[in-house]
Structure formats: structure tokens, C-alpha cells
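In what follows, a structure is listed as C-alpha cells, so that the remarks can point back to it.
The values are calculated or read from the model by the stated rules, or taken from the named source; none is laboratory data. Predicted, not measured: the structure shown is a model, and the values here were computed from it. Note that we place each Cβ from the backbone using ideal geometry, even for glycine, and neighbour counts take in every protein chain shown.
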Amino acid sequence: MGKRRSESNFIIQGSILAIASVICRLIGIIYRIPLTNIIGNEGNGYYSCAFEVYSIMLLLSSYSLPVAVSKLVSARLAKGEKRNAYRIYKGALIFAGIAGITVSVITYFGADFLAGTLMSQPMSSLALKILAPTLVLSAIMGVLRGYFQGLGTMIPTVFSQIIEQIVNAGVSVAAAFYLFSYGQKLDALLFTESYAPAYGAAGGTLGTGAGVLFGLLFLLFLALMYKQVINRQIRRDRTRYNESYSDIFLILILTIVPVILSTAIYNINSIIDQGVFNKIMMIQGNASNDIAELYGVFTGKYKLLTNVPLAIANALAASTVPTLSRALAEGKEHVAVRKISTSIRFTMIIVIPCAVGLTVLASPILQLLFHDSSELPARLLQIGSISTVLYALSTLTNGILQGLNHMNIPVRNAVISLILHLVALVIMLGVFKWGIYAVVFGNIIFALIMCILNGVAIRKVVDYEQEIKSTFVIPGIAAIFMGVVVYLIYFALFKVVSNSISTLLAIIIGGIVYFILLVALKGVAREDLERIPKGYILISIVEKFHLM
């Protein structure tokens with residue numbers, strides 16, 4: 001019974017975080033619609049360029065902290081070392097402050113070089129300077145989230161993410177509108193055209209800092225409320241050995257550096273893609289603002305939509321790392337294997353139909369969200385939708401390997417994938433001249449290689465054999481049939497109602513069809529539904545219609 005509760009809690013926590021992450025991504029899509037309408041595709045290009053650099057700096061300073069802290073805290077709690085778990089938390093806060101301030105200063109004073117020289121987009125430097133102070137706040141927030149996750153609860157992370165994104169949305173749109181208007185005045189005075197989108201992009205980045213600030217304040221409030229509970233636990237702790245802060249800093253560095261390297265290399269392909277794309281396209285004679293507009297379509301529409309399903313993988317990876325660390329600390333390898341299988345299967349059950357839906361409804365979704373009926377973003381979405389499955393699986397398997405204490409394997413695999421991806425990208429851009437399509441294919445190649453290498457590594461580490469039928473085959477069959485139904489329903493409805501209504505109805509009916517087929521083909525069992533939040537509602541519906 002305890003085993004069932006433990007596994008159920010692991011899935012419930014991951015599901016809660018996944019739902020919150022999807023909500024945050026949807027909020028991100030919603031506010032990016034007016035933001036894109038304000039700053040345009042060119043402004044989106046400047047915005048994405050600043051964010052690519054910011055993301056790398058975030059990786060170097062704090063992105064790995066939640067994973068590292070949750071892993072170290074959960075391992076000590078499994079041994080009953082509550083005082084040492086809290087010392088990890090305090091040591092990580094000091095570490096985060098130092099790392100965050102250092103990287104923030106480098107980013108602010110190096111913005112002109114990073115945006116202008118490295119990324120060939122000098123108009124993005126203002127947006128990058130505005131983002132720089134956020135790096136300090138994000139580092140501290142990462143420690144707080146990691147500590148709560150290590151304690152076994154995702155709720156603080158969930159609410160802080162939602163608060164962060166809501167504030168981000170409101171401030172981004174308002175600031176972008178104000179600064180875009182200011183940039184228009186500059187353009188009128190200087191007889192230029194790029195200050196308005198550049199200032200608008202900078203306004204969009206103001207929301208990021210405001211969102212992180214409010215999310216951090218919420219977490220600090222919870223930490224203060226929880227302090228009395230922590231103090232009582234520490235007083236009852238009979239652990240004789242207290243880890244010194246010098247040892248804690250060393251452990252943090254040894255844990256964080258491999259995570260930073262694997263995550264940085266895993267994500268640095270985005271900044272490399274944009275840098276290589278910009279330089280080769282300029283060599284081929286394309287204007288800087290045209291290049292920014294093309295990449296703005298890629299990031300502001302294609303990438304924005306394909307990233308939504310990836311929230312599932314990120315959430316399950318976040319909940320998997322501490323549970324795997326705890327299982328290994330307790331010497332329960334069979335529990336770790338079962339949790340690996342469960343997390344991969346749940347992720348595939350969700351992201352496979354998402355990929356099919358994006359393929360079938362690419363143009364209708366773009367028209368619904370952005371009022372964009374042009375061919376380029378729809379084609380990019382149709383071609384690259386498979387990347388949602390590959391990135392989800394590679395992201396999750398990265399987290400699994402980190403949770404299994406094999407921190408260096410994702411680093412090695414990411415380096416190999418990055419090199420092969422870069423070679424392919426240069427060939428597709430320089431030789432075949434595929435333009436922005438080359439970036440999409442490059443993403444697919446990178447994620448595919450990561451999936452293969454990580455899968456082989458997990459099988460060797462824990463003697464894990466990947467289940468195929470319920471994880472890939474049944475969801476794939478159900479998703480294909482769902483795609484056919486969605487396609488037929490959309491075009492039947494589109495003849496009599498608007499695109500918005502026909503798209504939304506097709507998505508809703510498609511989701512119902514997929515779930516029915518998944519249950520009918522025995523892709524999920526009663527035990528699976530019991531593990532997800534409010535699963536009893538789904539069970540009662542399924543039993544009422546005699547599907548299970």
C-alpha cells in the first residue's frame with residue numbers, strides 16, 4: 001500500500017506541476033498575441049535574440065539550482081538528516097546570490113558585445129540590459145523552488161509560476177505598448193525604422209523581471225511561514241554530523257556544474273542556431289531586419305506553440321529527480337526503474353497527440369491565435385511538430401539520468417548531439433540554402449540524437465528495458481485516428497461556422513476521441529487514472545460508458 005501511495009504521490013506532484021506549467025505556457029501564448037501585434041515580427045526577432053542570450057546566462061547562474069537543491073535535500077531527508085537538508089538550502093542561497101550577481105553584471109555591461117557582435121543583432125542590446133537584473137532574482141527563486149521540491153511538494157513552485165506569468169503578461173504588454181510608442185517618435189526624428197520594434201521588445205522584457213520579482217516574494221512569504229515547522233524538525237533531528245558550509249559549497253558545485261553543462265549544452269543550440277542563422281543569412285545578402293523578422297516568426301509562433309507540450313516533460317523531470325535520488329539513497333533500485341517507466345509513459349501519452357494536433361491544425365491554430373494565414377509559420381509547425389515528442393523525451397531522460405546520479409552522461413550526450421546538429425545546420429543553411437527551415441530540421445536532429453543516446457545510457461545504468469506498446473504504439477495509433485477525426489471535423493464545421501469555433505470544437509472533440517481510443521486499446525488502466533489528480537472523475541465516466 002505504501003508503495004502505491006509513494007508512486008501515486010510522485011505522479012500527482014508531477015501532474016500538478018505539469019498542469020501549472022501548461023497553464024503558464026498558455027498564458028504566455030495569450031499575452032504574446034497582443035505583444036506580437038504591438039512589436040511585429042521584427043520586434044519579436046529582437047525580443048527572442050535578447051532572450052536567447054538571457055537564457056544562456058540564466059543557465060550559467062541559476063537554471064540548474066532547483067534540480068540540484070531538490071536532489072541534495074531529498075537525499076538527506078531520506079536519511080532523516082533534516083538539519084543538513086536545511087544547511088544545503090542556506091548554502092545554496094549564498095551560492096545563488098554570488099552567482100546571480102556575477103552573471104548579471106557581466107550581462108549588463110557586456111550586452112552590446114553579446115547582442116551586437118555575438119548575435120549580430122545590436123538592436124537587441126537594450127532588451128538584454130533590462131533583463132540583466134532578473135538573473136539575481138531568478139537565482140534566489142530557483143533555490144526556494146528546489147528546496148520545496150526536495151521536501152516533496154510542488155505546490156509552492158506551481159503557485160509561484162502562475163503568479164510570475166500573470167504579472168509578466170500584464171507588465172510586458174503595457175510596457176511594450178509604451179516603449180514602442182516612444183521608439184516610433186525616435187524613428188520619426190532620426191528617419192529610421194528599427195527603434196520602435198527594438199524599444200517595444202525591451203518593454204516586453206520588463207514583464208519578465210516584474211514576474212520573477214512577484215514570484216520570489218510569494219516564495220519568500222511561504223518560506224517564512226514554514227520556518228517554525230523547519231525549526232521543530234531540526235530540534236528533533238538526532239544526526240550527529242553537521243555538514244560544513246565549505247563541504248556544502250563543494251557538493252553544490254559538483255552537483256550543479258554537470259547539470260549546468262548538460263542543460264547549457266542542451267539549450268545552447270538555440271543561441272547557436274540564431275547566431276549561425278544570422279551570420280550565414282547576412283553572408284548570403286539578406287538584410288538584418290528581414291533576418292530578424294524570419295527568426296521572429298520561428299520563435300514567436302512556431303517555437304511558442306511547440307514549447308507548450310514540453311511543459312509536461314519539464315514538470316515530470318522536476319518531480320522525477322528528487323524521487324529517484326531518494327529511491328537510490330534508500331537502496332531501492334526497483335522503485336527507481338518503475339518510476340522511470342511511469343514518467344516516460346505518462347509523458348508520451350500526452351505529447352504524442354499534441355504533436356499530431358499541431359500537424360493537422362497548424363494553419364487554423366495560427367489563424368485563431370495570431371490571425372496569421374501565411375504559409376511560412378504553418379509549414380514550420382507542420383514540419384517541426386515531431387520535435388515536441390523528441391524534445392519531451394530527451395528532456396525527461398536528461399532529468400532521469402541526473403536523478404540516477406549519473407550527472408556527466410547528459411553532458412557527454414549533449415556535446416555529441418550539439419556537434420552533429422551544428423554540422424547539419426551549417427550544411428542545410430550554407431549548401432542547400434533552406435533558410436529558416438534548416439533551423440527546424442536542426443532542432444529535430446539534435447533532439448533525436450539526444451533521445452537515442454540517453455535511452456542507451458539509462459538501459460546500461462539501471463538495466464532498464466523500455467516498454468514499447470503502451471508507451472509509444474498505442475498512443476501513436478490513437479493519435480493518428482484522432483488526427484483524422486480532427487481534420488474531418490474542422491473542415492466540415494469550417495463550411496458553416498468561423499475558424500475560431502471550428503478549431504476549438506475540433507480540438508475538444510479530438511481530445512475526447514483520443515481518450516476513448518486510448519482506453520479502448522488498453523493504453524491506460526484503472527491504476528493509471530487513479531494516480532492523476534481528480535482521476536476518479538475519469539474513472540466514473542469510463543465505467544459509466546463501459547469502456548473499462
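Are there any helices (runs of 4 or more DSSP H) wholly within segment 89-198 with 1 or more residues that are crowded, with 19+ Cβ neighbours inside 10 Å and among the acidic types (Asp, Glu), and if so which? Step through it out loud before you land on a result.
On the way: elements: 125-131, 134-150, 155-190.
Hits in segment 89-198: 155-190.
Condition first: in a helix (DSSP H, G or I), touching a helix residue (DSSP H, G or I) at 6+ places or on another chain (Cβ under 9 Å), in contact (Cβ under 8 Å) with a residue 40 or more places away in the chain and more than 30 Å from SER74 (Cβ to Cβ). Can you find one or more residues in segment 407-417 that meet it?
no
Look through VAL22, VAL73, VAL53, VAL69 and report the one residue that is in contact (Cβ under 8 Å) with a residue 24 or more places away in the chain, touching a helix residue (DSSP H, G or I) at 6+ places or on another chain (Cβ under 9 Å) and closer than 24 Å to THR117 by Cβ.
Working: VAL22 fails: closer than 24 Å to THR117 by Cβ; VAL73 fails: closer than 24 Å to THR117 by Cβ; VAL69 fails: closer than 24 Å to THR117 by Cβ.
One residue alone meets the criteria, VAL53.
Looking at (1) crowded, with 21+ Cβ neighbours inside 10 Å; (2) modelled with pLDDT of 85 or more; (3) of a type in the set (Ser, Thr, Tyr), can you tell me which one SER48 breaks?
Condition not satisfied by SER48: (2).
Can you name the residue in segment 224-248 that is surrounded by 11 or more Cβ atoms within 10 Å (Cβ to Cβ) and of a type in the set (Phe, Trp, Tyr) and, of all such residues, is farthest from the chain's Cα centre (by Cα)?
TYR245
Would you be able to tell me the number of residues in segment 232-246 that are within 22 Å of ILE140 (Cβ to Cβ), modelled with pLDDT under 85 and part of a helix (DSSP H, G or I)?
Qualifying residue count for the region: 2.
Of all residues in segment 447-471, which are within 12 Å of SER341 (Cβ to Cβ) and of a type in the set (A, V, I, L, M)?
ILE458, VAL462, ILE468
In the list GLY146, GLY152, GLY183, which residue meets the criterion of being at positive phi and not polar (S, T, N, Q)? Walk me through it before giving the result.
Values: GLY146 fails: at positive phi; GLY183 fails: at positive phi.
Selected residue: GLY152, the only one of GLY146, GLY152, GLY183 that is at positive phi and not polar (S, T, N, Q).
Can you go through VAL524, VAL513 and tell me which one is surrounded by 15 or more Cβ atoms within 10 Å (Cβ to Cβ) and part of a helix (DSSP H, G or I)?
Working: VAL524 fails: part of a helix (DSSP H, G or I).
From the options VAL524, VAL513, the qualifying one is VAL513.
Answer yes if at least one residue in segment 206-216 is aliphatic (A, V, I, L, M), out of contact with any Leu (no Cβ under 7 Å at 6 or more places or on another chain) and free of Cβ contacts under 8 Å to residues at least 12 places away in the same chain, and no otherwise. Talk me through it step by step, then tell me what you get.
From segment 206-216, those aliphatic (A, V, I, L, M) are 206, 210, 212-213, 216; that's our starting set.
With out of contact with any Leu (no Cβ under 7 Å at 6 or more places or on another chain) added as a condition, the list becomes 206, 210.
Subsequent filtering for residues that are free of Cβ contacts under 8 Å to residues at least 12 places away in the same chain retains none.
No, every residue in segment 206-216 fails to be aliphatic (A, V, I, L, M), out of contact with any Leu (no Cβ under 7 Å at 6 or more places or on another chain) and free of Cβ contacts under 8 Å to residues at least 12 places away in the same chain.
Restricting attention to segment 278-297, and to residues there that are in contact with a helix residue (DSSP H, G or I) (Cβ under 6 Å, 6 or more places away or on another chain) and of a type in the set (A, V, I, L, M, F, W, C), which single residue is surrounded by the most Cβ atoms within 10 Å (Cβ to Cβ)? Give the steps one after another, and end with the answer.
From segment 278-297, those in contact with a helix residue (DSSP H, G or I) (Cβ under 6 Å, 6 or more places away or on another chain) are 278, 280-281, 289, 291-297; that's our starting set.
Those still in the list that are of a type in the set (A, V, I, L, M, F, W, C) too: 280-281, 291-292, 294, 297.
Details: ILE280: 19, MET281: 21, ILE291: 24, ALA292: 29, LEU294: 20, VAL297: 21.
My answer is ALA292.
Tally time: how many residues in segment 327-349 are touching a residue at least 12 places away in the same chain (Cβ under 8 Å) and more than 25 Å from LEU529 (Cβ to Cβ)?
4
Taking the conditions exactly as written (within 30 Å of GLY170 (Cα to Cα), out of contact with any Phe, Trp or Tyr (no Cβ under 7 Å at 6 or more places or on another chain) and not small (Gly, Ala, Ser)), does LEU219 satisfy them or not?
Working: within 30 Å of GLY170 (Cα to Cα): yes; out of contact with any Phe, Trp or Tyr (no Cβ under 7 Å at 6 or more places or on another chain): yes; not small (Gly, Ala, Ser): yes.
Yes: the conditions hold for LEU219.
Taking ILE312, is it within 16 Å of ILE436 (Cβ to Cβ) and either charged (D, E, K, R) or part of a helix (DSSP H, G or I) (or both)?
Details: within 16 Å of ILE436 (Cβ to Cβ): no; either charged (D, E, K, R) or part of a helix (DSSP H, G or I) (or both): yes.
Spelling it out, it is not the case that ILE312 is within 16 Å of ILE436 (Cβ to Cβ) and either charged (D, E, K, R) or part of a helix (DSSP H, G or I) (or both).
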